[in-house]
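Undergrad: Pasting in a structure now, in structure tokens, and then I'll have a few things to ask.
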Amino acid sequence: MLFANQVCIVTGATSGIGLAVVNQLAAKGADLVLVGRNQVKGDALTASLKAAGTRACFVAADLGNKEAAQQVCAAAIEQFGRIDVLINNAGLLMKGTALECTDADWDSVLDINLSAAFRLSRAALPSMIRQAGGSIINIASDWALMGAKNATAYCVSKAALTQLTRCMALDFAGNGIRVNAVCPGDTDTPMLGLNANNDRQQKMQDYGADIPLGRVARSTEVANVVVFLASKEASFMTGALVPVDGGTSAQ
């Protein structure tokens, strides 16, 4: 099993890309620390994983709370004794130009998308350094690579996350720790806002029309890349920003 005896923390674990990553890691033998806000969903997911033979625990946390990162990593150490992989997936999207973005909006988006990833990485690194190895994957966005209209705070937060990725990759390469970022394009997750209603198919087509491959991504397609980067199969990759966007950022 590719992740046997490895402890993986996944934030935003109960839906979308995070859930797809969790399912793939479980299938490959990982021990899982799931992080999210919804206790009911988290407990249900944990019970399902345990029933299938995966060792897992759920930590309910608001990652905007500065103490949450230490609590998450302490729970991982207490439960499993180590941290091998950290996947910073939790994210917040608020639309708006610079004129429309309030101070509260700006602070919320940067705190969840950037500062929480920084705090979690900082809390997980000591365990990885002791083990002389580890992998951190930050879920950024193709908008981090090229910008977009009407999403100033989000684009800035994700661009900063890619720079955090590069800096940590350089700082901790000597400790055997790899840090990479995945930059998804439009993906069929709750963040995209495609509800199960009559116009869902039309909206899917509208989003896909601007993507060279002609459709939005499936969450499993993004998860494939995340799990690869987290694994020993990507052992010579660090500091990479990997678009998974159907060719959008190549335009």
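The values are calculated or read from the model by the stated rules, or taken from the named source; none is laboratory data. If you're wondering where the values come from, they're calculated on a predicted model, not measured in any experiment. No Cβ is skipped: glycine too gets one built from the backbone with ideal geometry, and neighbour counts run over all protein chains shown. Keep in mind that these areas ignore ligands, DNA and RNA; they rest on the heavy atoms of the full protein, side chains included. Shrake-Rupley method; radii C 1.70, N 1.55, O 1.52, S 1.80 Å.
Undergrad: Pro190 is checked against (1) in contact with a Leu (Cβ under 6 Å, 6 or more places away or on another chain); (2) open to solvent by 70 Å² or more (accessible area, probe 1.4 Å) and fails just one. What number does that condition carry?
TA: (1)
Undergrad: Residue check, Leu229 against (1) assigned to a helix (DSSP H, G or I); (2) under 30 Å from Leu99 (Cβ atoms); (3) of a type outside the set (Phe, Trp, Tyr); (4) touching a residue at least 60 places away in the same chain (Cβ under 8 Å), all met but one. Which one?
TA: So Leu229 meets the others, but not (2).
Undergrad: Answer yes or no as to whether Val244 is touching a strand residue (DSSP E or B) at 6+ places or on another chain (Cβ under 8 Å) and either over 30 Å from Val7 (Cα atoms) or among the basic types (Lys, Arg) (or both).
TA: Considered against the rule, which asks whether it is touching a strand residue (DSSP E or B) at 6+ places or on another chain (Cβ under 8 Å) and either over 30 Å from Val7 (Cα atoms) or among the basic types (Lys, Arg) (or both), Val244 comes out as no.
Undergrad: Could you please give the count of residues in the stretch 195-226 that are over 30 Å from Asp84 (Cα atoms), part of a loop (DSSP other than H, G, I, E, B) and not acidic (Asp, Glu)?
TA: The total comes to 11.
Undergrad: Now, a different point. If you take the residues of the stretch 27-45 that are surrounded by fewer than 20 Cβ atoms within 10 Å (Cβ to Cβ) and touching a residue at least 12 places away in the same chain (Cβ under 8 Å), which of them is nearest to Ile112 (Cα to Cα)?
TA: It comes out as Arg37.
Undergrad: Looking at the stretch 216-224, can you tell me whether even one residue there is touching an Asp or Glu at 6+ places or on another chain (Cβ under 7 Å), among the hydroxyl-bearing types (Ser, Thr, Tyr), open to solvent by less than 70 Å² (accessible area, probe 1.4 Å) and in contact (Cβ under 8 Å) with a residue 60 or more places away in the chain?
TA: There is at least one residue in the stretch 216-224 that is touching an Asp or Glu at 6+ places or on another chain (Cβ under 7 Å), among the hydroxyl-bearing types (Ser, Thr, Tyr), open to solvent by less than 70 Å² (accessible area, probe 1.4 Å) and in contact (Cβ under 8 Å) with a residue 60 or more places away in the chain.
Undergrad: Can you tell me which residue in the stretch 174-186 is surrounded by the fewest Cβ atoms within 10 Å (Cβ to Cβ), limited to those that are at pLDDT 95 or above and under 24 Å from Ala209 (Cβ atoms)?
TA: Gly185
Undergrad: Conditions: (1) open to solvent by 20 Å² or more (accessible area, probe 1.4 Å); (2) farther than 22 Å from Glu221 by Cβ; (3) within 19 Å of the chain's Cα centre (by Cα); (4) among the polar types (S, T, N, Q). Gln24 meets all but one. Number of the miss?
TA: Failing condition for Gln24: (2).
Undergrad: Please verify whether the stretch 5-14 includes one or more residues that are open to solvent by 30 Å² or more (accessible area, probe 1.4 Å), part of a helix (DSSP H, G or I) and polar (S, T, N, Q).
TA: no
Undergrad: OK, next. Checking Asp210 against (1) at pLDDT below 95; (2) open to solvent by less than 20 Å² (accessible area, probe 1.4 Å), only one condition comes out false. Which one?
TA: The failed condition is (2).
Undergrad: Give me the residue from the stretch 147-173 that is open to solvent by 60 Å² or more (accessible area, probe 1.4 Å) and of a type in the set (D, E, K, R) and, out of that set, nearest to Leu114 (Cα to Cα).
TA: Arg166
Undergrad: For the stretch 143-176, which positions are of a type outside the set (Ser, Thr, Tyr), over 21 Å from Met94 (Cα atoms) and in contact (Cβ under 8 Å) with a residue 60 or more places away in the chain?
TA: Arg166, Ala169, Leu170, Ala173 - these are the residues of the stretch 143-176 that are of a type outside the set (Ser, Thr, Tyr), over 21 Å from Met94 (Cα atoms) and in contact (Cβ under 8 Å) with a residue 60 or more places away in the chain.
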